[in-house]
């Protein structure tokens with residue numbers, strides 16, 4: 001058994017981590033921290049936890065002291081000092097924010113208006129997308145948990161780019177997310193009357209996940225990749241659906257494409273390459289750590305269309321963080337993550 005602490009436990013990703021870790025066979029929750037609700041039981045903030053967890057919310061320092069692994073569910077700019085403290089104490093640190101996702105400081109400065117406080121610490125951090133970087137994750141103690149959009153897009157496009165069957169130019173990504181992706185703090189565009197019965201794009205061409213998406217896809221291609229990325233807000237709580245368009249190279253037909261994807265993900269417990277003529281949808285991954293991928297080819301225009309669906313709070317955040325923890329501590333990678341999506 002290991003002890004886990006969650007900093008920022010009362011945000012949506014924090015409480016999702018609580019839900020998942022409470023059923024993990026190898027983990028005991030040691031501390032939950034919150035600034036806004038310090039001293040209150042978490043079940044007072046989230047009554048759904050009433051019979052499962054009534055732990056009082058502590059401060060950040062106590063959380064770091066008590067955990068073998070520390071999860072940080074914080075806005076960007078707030079995790080670097082905690083990571084340094086965990087590193088000094090030889091504790092595993094999993095950051096669900098953006099502070100360690102980008103490898104280049106200039107990208108972080110451009111998109112997040114911040115700086116790397118400890119450049120050597122950043123060199124030790126590993127981008128925690130298990131299906132792509134599992135071997136590197138095993139060798140670190142600082143994991144940058146990927147963003148929800150980048151996870152859905154990387155899993156959808158990585159096999160095609162790594163095998164060179166699509167062009168690196170002209171990639172267009174249309175993603176749609178449930179409103180939990182915006183966090184617990186209310187904003188105008190997530191206000192019920194604004195988002196209900198509506199679908200609208202936001203941060204068109206300027207979303208902060210863009211450099212993270214391009215960083216991973218460039219690794220897949222072995223060359224710089226730039227994408228057109230347009231996110232949309234769906235009037236649902238959970239889920240991300242990403243439709244990715246790319247030009248198919250000569251000689252890469254439907255059979256070859258499917259063979260590449262099925263081979264690439266054949267040993268991955270959480271990636272499901274769907275059968276021909278079956279399309280990914282968010283209903284079929286809800287509450288689970290699955291990412292479903294459907295493959296399509298528009299032969300008239302020579303366009304490859306990969307569609308991925310995941311739960312933005314699980315595979316897009318807390319579930320992936322648990323998966324990374326399982327890798328770090330040599331647990332079964334599926335431990336605590338075996339929930340099957342409900343049928344409706």
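A few remarks follow.
- Which listed residue is within 22 Å of the chain's Cα centre (by Cα) and over 23 Å from residue 281 (Cα atoms), from 175, 167, 162: 162
- Wholly enclosed helices (runs of 4 or more DSSP H) of segment 1-103 bearing at least 2 residues in contact (Cβ under 8 Å) with a residue 24 or more places away in the chain and closer than 17 Å to residue 122 by Cβ: 80-88
- Selection count, segment 198-210, where residues are surrounded by fewer than 20 Cβ atoms within 10 Å (Cβ to Cβ) and either without any contact (Cβ under 8 Å) to a residue 12 or more places away in the chain or within 13 Å of residue 154 (Cα to Cα) (or both): 1
- Flag for residue 337 being crowded, with 23+ Cβ neighbours inside 10 Å and not assigned by TED's automatic domain parsing to the domain that holds residue 248: yes
- Counted residues, segment 118-143 - those being more than 13 Å from residue 327 (Cβ to Cβ) and either without any contact (Cβ under 8 Å) to a residue 12 or more places away in the chain or outside the structural domain of residue 319 (by TED's automatic domain parsing) (or both): 2
Here's the yes/no breakdown for (1) closer than 27 Å to residue 28 by Cβ; (2) surrounded by fewer than 18 Cβ atoms within 10 Å (Cβ to Cβ); (3) out of contact with any helix residue (DSSP H, G or I) (no Cβ under 8 Å at 6 or more places or on another chain):
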site	(1), (2), (3)
50	yes, yes, no
63	yes, no, yes
81	yes, yes, yes
86	yes, no, no
96	yes, no, no
113	no, yes, yes
145	yes, no, no
151	no, no, no
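- Any chance residue 161 is under 21 Å from residue 311 (Cβ atoms), in contact with a helix residue (DSSP H, G or I) (Cβ under 8 Å, 6 or more places away or on another chain) and in a helix (DSSP H, G or I): no
- Conditions (1) closer than 25 Å to residue 133 by Cα; (2) touching a helix residue (DSSP H, G or I) at 6+ places or on another chain (Cβ under 9 Å): number failed by residue 235: (1)
- Test: residue in segment 174-192 that is in contact with a helix residue (DSSP H, G or I) (Cβ under 6 Å, 6 or more places away or on another chain) and within 21 Å of residue 224 (Cα to Cα): no
The values are calculated or read from the model by the stated rules, or taken from the named source; none is laboratory data. This one's a predicted model, so the numbers in the text were calculated from it and none came from an experiment. Glycine gets a Cβ as well: all are built from the backbone with ideal geometry, and neighbour counts include every protein chain shown.
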